[in-house]
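Heads up, the thing below is written out as structure tokens.
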Amino acid sequence: MPSGRYKTHKVDLTGWNDKDNTLLWRRAWADFTNDFLERNGSPERIDHRSNAERGIDEIPTVHMGVAACQMEKKGIATEKGELNR
């Protein structure tokens, strides 16, 4: 091809990477999960909103992962464990 350009190009039609969709996905997941929990008789519910949006004055914990969690269970302090204390 004389121009050196490809004849095809990527066209994003889904918007999967659009950050504005994050809240929509979180809300949909919370609704789906809460429906399931209710149908199965569980009193638990999840909320897609942040602690600040819910009026909770608490800092969220950091995900520790399997290795750090196992170390903490054995009494070995980890950086992530310290962040959550």
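The values are calculated or read from the model by the stated rules, or taken from the named source; none is laboratory data. Remember, it's a predicted structure, so these values are computed and weren't measured experimentally. For neighbour counting, all protein chains shown are included, and Cβ atoms are generated from backbone atoms with ideal geometry for every residue, glycine included.
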Filter pass, G81 being assigned to a loop (DSSP other than H, G, I, E, B) and modelled with pLDDT of 90 or more:
no
Assuming D31 fulfils every condition listed in (1) assigned to a loop (DSSP other than H, G, I, E, B); (2) modelled with pLDDT of 90 or more apart from one, which condition is it?
(1)
How many residues are of a type in the set (D, E, K, R) and surrounded by 10 or more Cβ atoms within 10 Å (Cβ to Cβ) when one looks only at the range 1-53?
9
Which pairs do you get when a residue that is closer than 11 Å to L83 by Cβ, found in the range 51-72, comes within reach of a residue that is part of a loop (DSSP other than H, G, I, E, B), reach meaning Cβ atoms under 6 angstrom, with the pair 6+ apart or on two chains?
A68/T78
Just wondering, is there one or more residues in the range 18-32 that are of a type outside the set (A, V, I, L, M, F, W, C), more than 29 Å from E79 (Cβ to Cβ) and touching a helix residue (DSSP H, G or I) at 6+ places or on another chain (Cβ under 6 Å)?
no
Looking only at the range 54-76, count how many residues are exposed (fewer than 10 other Cβ atoms within 10 Å of the Cβ) and either among the acidic types (D, E) or in contact with a His (Cβ under 6 Å, 6 or more places away or on another chain) (or both).
2
Matching residues in the range 1-41 - criterion: being under 30 Å from L83 (Cβ atoms), free of Cβ contacts under 8 Å to residues at least 12 places away in the same chain and more than 15 Å from the chain's Cα centre (by Cα)
L37
For D47, the lone unmet condition from (1) modelled with pLDDT of 95 or more; (2) outside any loop (DSSP other than H, G, I, E, B) is (2)
